[in-house]
Amino acid sequence: MQIEDLRSRPEFVPTLAAWHHAQWGELNPQNTLEARVERMQRSLHEGPIPSTFVAVEDDHPLGSASLVAHDLPTRPELTPWLASVFVAPEHRRRGIGSRLVQRVVEEAWRLQFETLYLFTLDQEKLYGELGWSPRERTDYNGFAITIMTIRS
């Protein structure tokens with residue numbers, strides 16, 4: 001398994017967008033699958049943020065994670081964010097998500113950010129094991145979330 005920049009694997013955009021939409025579509029119900037695909041395709045031509053990294057094995061995507069400027073509209077002052085960490089169900093429990101998270105953290109440090117943020121609905125324990133700390137618990141669109149940070 002290797003982790004690649006999505007810019008080098010644009011053919012994975014429809015698959016990743018579909019995974020993300022199925023996983024988190026209810027957080028922002030006004031967001032369509034088509035809008036996700038379009039946003040992801042646009043991001044391939046932007047600067048270092050946003051960046052998406054894809055776990056690939058045998059020329060198939062296994063999962064992804066992104067570095068984005070903003071991931072929570074209610075906290076626009078916080079930047080950048082680890083976002084969209086997803087591993088296909090049949091590939092979970094192999095350390096792929098942890099490797100994707102680490103790749104995004106490395107990218108944030110390479111870009112000289114001192115603090116990185118994420119929010120999670122239910123993976124606080126996993127992120128804690130990876131060195132992240134809870135910052136606050138809050139509500140977003142009717143969902144209880146935890147905002148977490150990691151510092152360089």
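Given the condition surrounded by 14 or more Cβ atoms within 10 Å (Cβ to Cβ), part of a helix (DSSP H, G or I), charged (D, E, K, R) and at negative phi, answer yes or no: does some residue in the stretch 17-36 qualify? Yes, that holds for at least one residue.
The numbered conditions (1) exposed (fewer than 13 other Cβ atoms within 10 Å of the Cβ); (2) in contact with a Ser or Thr (Cβ under 6 Å, 6 or more places away or on another chain) are all true for R42 except (2). Scanning the stretch 58-82 for residues that are aliphatic (A, V, I, L, M) and either out of contact with any strand residue (DSSP E or B) (no Cβ under 6 Å at 6 or more places or on another chain) or modelled with pLDDT of 95 or more (or both) returns L62, A65, L67, V68, A69, L78, L82.
Checking the stretch 125-144 against the condition returns no match, with no residue being in a helix (DSSP H, G or I), within 19 Å of G63 (Cα to Cα), without any contact (Cβ under 8 Å) to a residue 12 or more places away in the chain and not hydrophobic (A, V, I, L, M, F, W, C). Restricting P89, P48, P61 to residues that are under 24 Å from Q2 (Cα atoms), in contact (Cβ under 8 Å) with a residue 40 or more places away in the chain and exposed (fewer than 12 other Cβ atoms within 10 Å of the Cβ) narrows the list to P48.
Within the stretch 88-100, does at least one residue satisfy the condition of being among the β-branched types (V, I, T), touching a Gly at 6+ places or on another chain (Cβ under 7 Å) and farther than 25 Å from T138 by Cα?
Filtering the stretch 88-100 for residues among the β-branched types (V, I, T) gives 96.
Still in the list and also touching a Gly at 6+ places or on another chain (Cβ under 7 Å): 96.
Next cut, farther than 25 Å from T138 by Cα only: 96.
Yes; the residues of the stretch 88-100 include at least one that is among the β-branched types (V, I, T), touching a Gly at 6+ places or on another chain (Cβ under 7 Å) and farther than 25 Å from T138 by Cα.
Taking each residue of the stretch 21-39 that is modelled with pLDDT of 90 or more and looking for partners that are of a type in the set (K, R) with beta-carbon atoms closer than 9 Å, six or more apart or interchain, yields H21/R36. Considering only residues in the stretch 92-123 that are crowded, with 20+ Cβ neighbours inside 10 Å and β-branched (V, I, T), the one that is farthest from the chain's Cα centre (by Cα) turns out to be I96.
Looking at V54, V101, V37, which is the one that is in contact with a strand residue (DSSP E or B) (Cβ under 7 Å, 6 or more places away or on another chain) and under 13 Å from A17 (Cα atoms)? Spell out how you get there, then give the answer.
Numbers: V101 fails: under 13 Å from A17 (Cα atoms); V37 fails: in contact with a strand residue (DSSP E or B) (Cβ under 7 Å, 6 or more places away or on another chain).
On inspection, the qualifying residue turns out to be V54.
Residues that are among the aliphatic types (A, V, I, L, M) and at pLDDT 95 or above were ranked within the stretch 40-57; the one that is farthest from Y140 (Cα to Cα) is V56.
For P14, the conditions (1) in contact (Cβ under 8 Å) with a residue 24 or more places away in the chain; (2) surrounded by 14 or more Cβ atoms within 10 Å (Cβ to Cβ); (3) over 17 Å from V68 (Cα atoms) all hold with the exception of (1). May I ask you to verify whether L100 is in contact with a Ser or Thr (Cβ under 6 Å, 6 or more places away or on another chain) and either at pLDDT below 90 or part of a helix (DSSP H, G or I) (or both)? No; evaluated as a whole, the condition is false for this residue.
The values are calculated or read from the model by the stated rules, or taken from the named source; none is laboratory data. Since the structure is predicted, the reported quantities are computational estimates derived from the model, not experimental observations. Note that we place each Cβ from the backbone using ideal geometry, even for glycine, and neighbour counts take in every protein chain shown.
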